[in-house]
1. Counting only C-alpha contacts under 8 Å and six or more residues apart, can you give the relative contact order of segment 87-196 as a whole percent?
2. Running a GNM on the chain with Cα contacts under 10 Å, which residue among 38, 192, 65 ends up with the highest mean-square fluctuation?
3. Could you please rank 61, 104, placing first whichever residue has the fewest other Cβ atoms within 10 Å of its Cβ?
4. With springs only between Cα atoms under 10 Å, which of 76, 162, 17 fluctuates most in a Gaussian network model of the chain?
5. Where both residues lie in segment 2-80, what percent of DSSP beta bridges are antiparallel, nearest 5?
6. With springs only between Cα atoms under 10 Å apart, run a GNM on the chain and tell me which of 168, 67, 119 wobbles the most.
7. Between residue 95 and residue 77, what length comes free when the chain is fully extended (0.36 nm per residue of separation minus the Cα-Cα distance, one decimal in nm)?
8. Kindly put 6, 151 in sequence by how many other C-beta atoms sit within 10 Å of each C-beta, fewest to most.
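A short reminder: the numbers here are calculations on the coordinates, not readings from a lab. Computed from a predicted structure; not experimentally measured. So basically every Cβ, Gly included, is an ideal-geometry build from the backbone, and we count neighbours across all protein chains shown.
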Ligand SMILES: N[C@@H](CCC(=O)N[C@@H](CS)C(=O)NCC(=O)O)C(=O)O
């Protein structure tokens, strides 16, 4: 399997963590987002949205959207499960994950911030990202406040941790607070786990 990504892309990092947790091997190829390589015609054939990540399977099938890719990995390699527990527990894990992946990250991705910058300038664009991320992280923290740790939901990493940790890197880039509720405790647990630690952006072959 070939994963198309970018070292600093948080959605790509999610998929790298899922691969590492599952112990599945893959090849990495890179699209430099600042150079606009995600919009080149050959890549748009793989991902018509012009976003990373994309996963190309052995038969050439291209999968897009990090959560769909992670669910695919969870289905072909169910151990360890990334969304587990009772139906209620699984719904809670998904809700916290979607707060980051559906409500926070899409509002602060490169494409959107460039639009805000064009309309309202650099300062507004950074403030937009900071506020969006702060709201998302506060909601995530509220959703996991009464869960037992050390991970977001119990003793094992889940999709919620996979979504949270890369978003914290974005938070720091834009000066958003990350010390909210249980988030520091969850981050400590995740960063002691090799699947999170070894897939960090700085360690990727395309890191600058
Ligand atoms: N919902 C998508 C989001 C993908 C996304 O926004 N990727 C960003 C990098 S984290 C990207 O490719 N940005 C390029 C751009 O905005 O032009 C997913 O989860 O895969």
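1. Details: 115 pairs, mean separation 33.0, N = 110.
Dividing the mean separation by the residue count of segment 87-196 yields 30 percent.
2. Residue with maximal mean-square fluctuation among 38, 192, 65: 192.
3. Details: 61 10, 104 25.
Going from least to most buried by this count: 61, 104.
4. 76
5. On the way: 6 of 10 bridges.
Counting only bridges with both partners in segment 2-80, antiparallel ones make up about 60 percent.
6. Of 168, 67, 119, the most mobile in the Gaussian network model is 119.
7. Working: separation 18, 0.36 × 18 = 6.48 nm, distance 2.25 nm.
Difference between extended and current length: 4.2 nm.
8. Working: 6 25, 151 21.
Starting with the residue having the fewest Cβ neighbours, the order is 151, 6.
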